[in-house]
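Have a look at the structure below before the remarks.
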Amino acid sequence: MSKVIAFVDDEQQILRALKRLFFQTDYTCLFFDKGGDLIQYLESNKIDILVTDIRMPEMDGIALMHAVKRMQPKVIRIALSGYTDSRQILAALDSGLARLYIYKPWDNDQLLSKIEGLIRMNDQLADPSLLQEINGLGSLPTIPDLYAKITDLIEKEASAQEVARLVDSDPAIAGKLLRIANTAYYGLHTGSVQQAIVMLGMSNVRQIILTNSVFERAAYMPYAKDLWQHASLVNQGVAYLYSLCYGKSLPNHQGTAGLMHTLGLLFLATVKTDLYLELIEAVEKELQHSQTDNNQSIFDALETEFLPVRHPEIGSFLLNWWELPFDIIEVAYHYREPKPELIVNKELVAMVHLVSHVAFGLLGLTQFQYALDKEFCDANGNLTRHQLAIEDYLASLLTN
Amino acid sequence: MKETIKVLIVDDSKLIRMTIRDLLNTHFTPQEMQIEMAEDGDQALALFGTYEPNIILLDIMMPKVDGIEVLMHLQERILKGEVQTIMITGMGDDQTLSKCFDLGASDFISKPIQDVALTSRLKGAIRQHHLIQSLNRLNQELTLAKNQMVQAEKMAAVGQLAAGIAHEINNPVGYISSNIHTLKKYYQNWKSGKNQHIFDLDTDIQEIFEDLAFGVDRIKEIVDSLRSFSRIDNISEINQFDVEQGIRDTLNVARHRYKYIADVQIEFGNVPLIYANGGKINQVFLNILINAADAIKSAQEEDGRTGQIRIETKYISQDETVEIKFVDNGTGMDEETLQRLYNPFFTTKPVGSGTGLGMSLSYDIVVHEHKGKIMAKSELGNGTEFTVLLPVGKA
Ligand SMILES: Nc1ncnc2c1ncn2[C@@H]1O[C@H](COP(=O)(O)OP(=O)(O)OP(=O)(O)O)[C@@H](O)[C@H]1O
Ligand SMILES: [Mg+2]
C-alpha cells in the first residue's frame, strides 16, 4: 500500500511545486493550506507522513504537529520552513516533535531522497520480524522519568536554569553531565550544572540522560567501560572532524551521534549477556587464528550467528522509539557497513564510520573492529585525508 | 594619584592674599594644591583662561572689575559646575552676598580670615568638585552607552527584520527553484520522447510560469523596499521623499510581522513629495507599525479580536505639512504609558523583546531632525492613533 503524505503550507505556490515534484512518485499525496483542514481529515483517515510549514495563520506548524502527534502518534513529522535558526523549530527537533527539518528553498532530489530514506528506515525498524525478535529480548529500557520531564521543558523553551534545577535532582546524571562538559572537546572547567547545560545544549543533555539509562544497566558488563570510553571518544572526534571539514561546529541535534552509535551493543550485552560473551570469545578466537588486517569484520559475521538481532538494528530501533533526531538513528544503523544508496545524511554517517574505526583501533578493542570503507569516506566529505589528524587528536584526548 | 586642585585667590589686599596662601600651604602639599593669585577682577579673568582653576576664592569688593562682575563673566562655567567659587566678604556685604549666591557662588568666608573656617570651606569645595567631576564622567559614559544602545537597537531591529525577510524570500525562492527543476525534468522527458506526463502538460506549464512570475515579483518587491531602508545611517541624506511609497515599502518589509495579525487598510491622500531623510522616516513608520502589530497581538491573545491597522495620509495645505495617521485596534495605552511613551528604554514588553527605544528614536527623527510633530491618542482597551506631521519643505 502506498504511503500517504500530507503537505501543509499556507502558500498555494509551495503546495503546487510540491505537487509537481511528488506527482511521479508512488506516494499518495494530500495538500492542505490550513492545518485545521488536515486535523478534520485525520478524524476519519490515516496518514503516514506530515510535511508542514511552520509560520501559518490560525494554526501554526508547531501546534499542528502537536495535534497530529496526539491523534496519530506514528505519523512521521517533518518541518519545512524558510526560517533557518528559529528557536521554536530547533526545540521541536530536539524534543522529537519533528523528526526532520528541511529548509526552504529545498533541493527537489534531496527532498525526495530524505523522505524516502526516512520512510525506509521507519519501515525497517517497524518490520514485524525485528519487532518479534526485540520483544523476545525481554524488557526494553524504558524512558527515564527525568527524560520525559526534560523533553517537556525543552518543548516549552524553558531556560537552562530550569533544566539545571531538574537535573540537579539526580546526582548521577548531574555528575555525568559535568564529566562530559569538562572533556577536552567542550573544554569547560566547571562545577556548575547550569553552565554545563548551556555548553552542551539542551538536546544533548536530553540525549545524554537517555544513554545513561542504558549504560547504567550495562555498567557491570564486560567491556562496558571500554565501550563508554569509545563512545565518548567518538563523540568528541566527530565534532572535531566536522569542524575540520566544514569550519563550523556540529549542529546541535547531531551532537550525540557518536555517543549513541553503539547503544545497541550495550543493550544486547545487558539483556543477552551470555550470548554476548560467547560472541566475543568466538571473535577473539578467530582473531588469533587469522592474520589481523583483512579480517576486520569478523565481529559482524559472527554477530548474526550468535545473537537474534544485530546491534545496529536494535540500537536504531531504541533511538527511533525514543524519538531521537533521524540523523542519529541513521548513524546507529549504518555506522559499520554504510550502504550509500540507503543513507540520507551520508556525511555524518561517513564521519562516525571513520572516527569509530579509528577509536576502536586506538583503544585496542579489536573484537569490535570493522573494515573501513575508504571509498565511502572519501565520496562524502573527502575524509581519509584527516585520518591521521583524528588519530592524533583522539590519542591526545586519551593521554590527557 | 589624585589630581592637583587648582586654586585662584582674587583679592585687592596683598595681606589677605598672602594670609590665605600661607594658611593653605600649611594644610595642603603642592601635589594636593596649586595656588595662583590675582589682585583684581581683570587679572582674574585674564588668568582664568590659561590657568583653569577648580576653585576661586573671590573678594566681593574690588576696584574696577569687582567680584559680582567676575561671577557674571564666568556664569556659564559656574553653572556647569566646572569651577567652585567661595566669596570673601567683609562687614556689610550681606546684600551683595545674596546676589552672589544667585549668580552661582557656592560658599563664602568672612574677613578676617580664620584658619579653621578657611580649610573647612575649602575641603567642602574640593569635595563638591570631585562629586561634580564623577557625575560628569558618569554622564559621559551614559551618553556613550545610550548612543551604543541606539546603534544596537537599530542593528537589532534590522537583524530581527532580516530573519523575517529571509523567511519571506525563502518561500518564493523555494517554489521557484523547485519549479525550475521540474521544468528541466519535463524538458528532458520531452527530448527523450518519454511523454509520460499524466496531467495536462500545457496548463501545468502555464501555471508554472505564472507561479515563477509571481514569486519573482514578490522577491523584487521585497528587495526594492529593503533598498529604501538601507540608507538609514547616511545621516545627512535629505532628499525628495515620497511618503506614500515609504509606507508601502515599510509594509512590504514588515509584512511577516503583521500579516497573520492584522488587516492593513490604506487611505492615501496623494500627498506631495517632502524633503526628508527617507530611510529614517521609514524607520519611524516601521517602529509605529510594529508597535501596532504587537499591541494587536496582545489584545488578540486576550479576546481574539480581528486585528485592524489603518494608515492614512493627508496634505494640510495651509501648514504645508503632510499628515500621516496610524490607527490600530490593539491594547491601547493607559495614562502612565502615554506619558512615558517617548522615554528612552521605556517598554512594557517582556525582557528580550523590546528595548524601549523605538518611539524615543522616532521622536528624535521626527521632531529634532525634521522639525515635525508626533502625537499619540490612545485609550486602554480601545486602540491607538499615532499622528505624524512632516513639513514639506527643508527643515
Ligand atoms: N500602538 C501601540 N499600542 C499600545 N501600546 C503602544 C503602542 N505603541 C507603543 N506602545 C507602548 O509604548 C512602549 C514603548 O514603545 P517603543 O516602541 O518605544 O518601545 P518597544 O516597542 O517596547 O521596544 P522597541 O521598539 O525598542 O523594540 C511599548 O512598550 C508599549 O507599551
Ligand atoms: Mg517599538
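Considering only DSSP beta bridges where both residues belong to the protein assembly as shown, give the percentage that are antiparallel (nearest 5).
35 percent
Mean-square fluctuation check for chain B, GNM, Cα pairs under 10 Å: which of B:ILE238, B:ILE311, B:ILE86 is largest?
B:ILE86
Residue by residue through B:251-261, how many Cβ atoms from other chains fall within 10 Å of the Cβ on average?
Working: counts 0, 0, 0, 0, 0, 3, 0, 0, 3, 6, 1.
What the average comes to for B:251-261 is 1.
If R₀ is 41 angstrom, what is the calculated FRET efficiency for the pair B:ILE316 and B:ARG127, using the beta carbon separation as r and rounding to 0.05? List each step's numbers first, then the result.
Working: r = 56 Å, r/R0 = 1.37.
Once the sixth-power term is evaluated, E becomes 0.15.
When ranked by the protection proxy of mean other Cβ atoms within 10 Å per residue, highest first, what sequence do the peptides A:113-122, B:107-116 form? Walk me through the intermediate numbers first.
Values: A:113-122: 17.8, B:107-116: 14.0.
Descending mean neighbour count gives A:113-122, B:107-116.
How far, in degrees from 0 to 90, does helix B:278-303 lean away from the longest principal axis of the Cα atoms of chain B, to the nearest 10?
Between helix and principal axis, roughly 70 degrees.
For chain B, compute Rh as the Kirkwood radius over C-alpha pairs and then the Stokes-Einstein diffusion coefficient at 20 °C and 1.002 mPa s; write the answer in µm²/s, rounded to an integer. Mind dumping the intermediate values first?
Working: Rh = 27.0 Å.
Diffusion coefficient, whole number: 79 µm²/s.
Compute the angle between helix B:115-191 and the longest alpha-carbon principal axis of chain B, please, reported from 0 to 90 degrees and rounded to the nearest 10.
Approximately 10 degrees, to the nearest 10.
Between B:ALA117 and B:GLU141, 0.36 nm times their residue separation minus their Cα-Cα distance comes to what?
Values: separation 24, 0.36 × 24 = 8.64 nm, distance 3.64 nm.
Length difference between fully extended and current span is 5.0 nm.
Given H placed 1.01 Å from N in the peptide plane, which residues other than close sequence neighbours of B:THR348 have an amide H under 5 Å from its amide H?
Under 5 Å from the amide H of B:THR348 lies no amide H from a residue far enough along the sequence or on another chain.
Please give the net charge around B:THR250, taking every other residue with its beta carbon less than 11 angstrom from that of B:THR250, where Lys and Arg add +1 and Asp and Glu add -1.
Once all neighbours under 11 Å are counted, the net charge is +1.
For a quick check: with amide H placed at 1.01 Å from N, whose amide H comes under 5 Å from B:GLN34's, ignoring anything fewer than 5 positions away on the same chain?
Close amide H contacts, sequence-distant or interchain: B:ILE5, B:LYS6, B:VAL7.
How much space per residue, in cubic angstrom, does the convex hull of the C-alpha atoms of region B:5-113 take up? Please report the intermediate quantities before stating the final value.
Details: hull volume 9.8 nm³, N = 109.
That works out to 90 Å³ per residue.
At 7 Å along the Cα-to-beta-carbon direction for both A:LEU365 and B:PHE345, put a label point, then send me their distance in nm to one decimal.
The modelled label-to-label distance comes out at 5.5 nm.
How big is the B/A interface in buried accessible area, both sides summed, 1.4 Å probe, to the nearest 100 Å²?
Counting both chains, the buried surface is close to 2300 Å².
Compute the whole-percent fraction of alpha carbon pairs in the protein assembly as shown spaced more than 50 Å apart. Mind dumping the intermediate values first?
Details: 134483 of 315615 pairs.
In whole percent, the share of Cα-Cα pairs in the protein assembly as shown beyond 50 Å is 43.
Would you mind classifying region A:4-126 by shape? Square roots of the alpha carbon gyration tensor eigenvalues, ordered a ≥ b ≥ c; an a/c under 1.5 is rounded, otherwise it is prolate if a/b is larger than b/c and oblate if not.
Details: a/c = 1.10, a/b = 1.06, b/c = 1.04.
Rounded, since a/c falls under 1.5.
Using amide H atoms built 1.01 Å from N in the peptide plane, name the residues 5+ places from A:LEU100, or on other chains, whose amide H lies under 5 Å from its own.
When sequence neighbours closer than 5 places are left aside, the close amide H contacts are A:ALA79.
Within the set of other residues whose C-beta is less than 11 Å from the C-beta of A:ILE209, count the net charge using Lys and Arg as +1 and Asp and Glu as -1.
Surrounding charge for A:ILE209 is 0.
With every protein chain kept in place and ligands, DNA and RNA left out, what is the accessible area per residue of the protein assembly as shown? Probe 1.4 Å, answer in Å².
For the protein assembly as shown, the per-residue accessible area is 47 Å².
Taking beta carbons within 10 Å but only from partner chains, what does the mean come to for residues B:175-184? Let's see the in-between values first.
Values: counts 14, 3, 6, 13, 6, 2, 7, 7, 1, 1.
Mean shielding count: 6.
For helix A:12-22, report the angle its Cα long axis makes with the longest principal axis of the Cα atoms of chain A; keep it between 0 and 90° and round to the nearest 10°.
50 degrees
May I ask for the distance between the Cα centers of region A:1-35 and region A:364-382, given as a whole number of Å?
For region A:1-35 versus region A:364-382, the Cα centre distance is 39 Å.
Nearest 5 is fine: what % of DSSP beta bridges in region B:220-373 come out antiparallel, could you say? If you can, show how the numbers build up before the last one.
Values: 11 of 17 bridges.
Antiparallel: roughly 65 percent of the beta bridges in region B:220-373.
Let me confirm one metric for peptide A:16-26, namely the mean number of other chain beta-carbon atoms within 10 Å of its residues' beta-carbons. Before the final figure, lay out the partial values.
On the way: counts 9, 13, 3, 3, 13, 6, 0, 5, 5, 0, 0.
Average neighbour count from other chains, rounded to a whole number: 5.
Quick check: net charge around B:MET18, other residues with Cβ under 13 Å of its Cβ, Lys/Arg +1 and Asp/Glu -1?
Numbers: positive: B:LYS14, B:ARG17, B:ARG21; negative: B:ASP11, B:ASP12, B:ASP22, B:GLU39.
Cβ neighbours under 13 Å give a net charge of -1.
On a full-extension model of 0.36 nm per residue, what is the gain between B:ASP202 and B:GLU267, subtracting their alpha-carbon distance, rounded to one decimal in nm? Before the final figure, lay out the partial values.
Values: separation 65, 0.36 × 65 = 23.40 nm, distance 4.11 nm.
Working it through step by step, the gained length comes to 19.3 nm.
Cα to Cα, under 17 Å, and not fewer than 8 places away if on the same chain: which aspartates and glutamates meet these conditions relative to B:LYS14?
Those aspartates and glutamates meeting the cut-off are B:ASP22, B:GLU36, B:GLU39, B:ASP40, B:ASP42, B:ASP59, B:ASP66.
Give the carbon-plus-sulfur fraction of the accessible surface of the protein assembly as shown in %, rounded to a whole number; probe 1.4 Å, heavy atoms of protein chains only. It would help to have the intermediate numbers written out before the result.
Numbers: 19300 of 37680 Å².
The C+S portion of the solvent-accessible surface of the protein assembly as shown is 51 percent.
Which entries of B:LYS373/B:LYS394; A:LYS34/A:LYS149; B:LYS80/B:LYS146 show an alpha-carbon separation above 23 angstrom in the structure shown? Walk me through the numbers before you get to the answer.
Values: B:LYS373/B:LYS394 15 Å; A:LYS34/A:LYS149 31 Å; B:LYS80/B:LYS146 21 Å.
Flagged as over cut-off: A:LYS34/A:LYS149.
Find how much the distance from B:HIS73 to B:ARG305 grows on full extension, using 0.36 nm per residue of separation minus their present alpha carbon separation; answer in nm with one decimal.
On the way: separation 232, 0.36 × 232 = 83.52 nm, distance 6.43 nm.
Net length gain for the segment: 77.1 nm.
The values are calculated or read from the model by the stated rules, or taken from the named source; none is laboratory data. What you see is a predicted model; the values in this text were computed from it and never measured. We place every Cβ from the backbone using ideal geometry, glycine too, and count neighbours over all the protein chains shown. Surface accessibility is based on the protein's heavy atoms, side chains included, excluding ligands, DNA and RNA. Shrake-Rupley method; radii C 1.70, N 1.55, O 1.52, S 1.80 Å.
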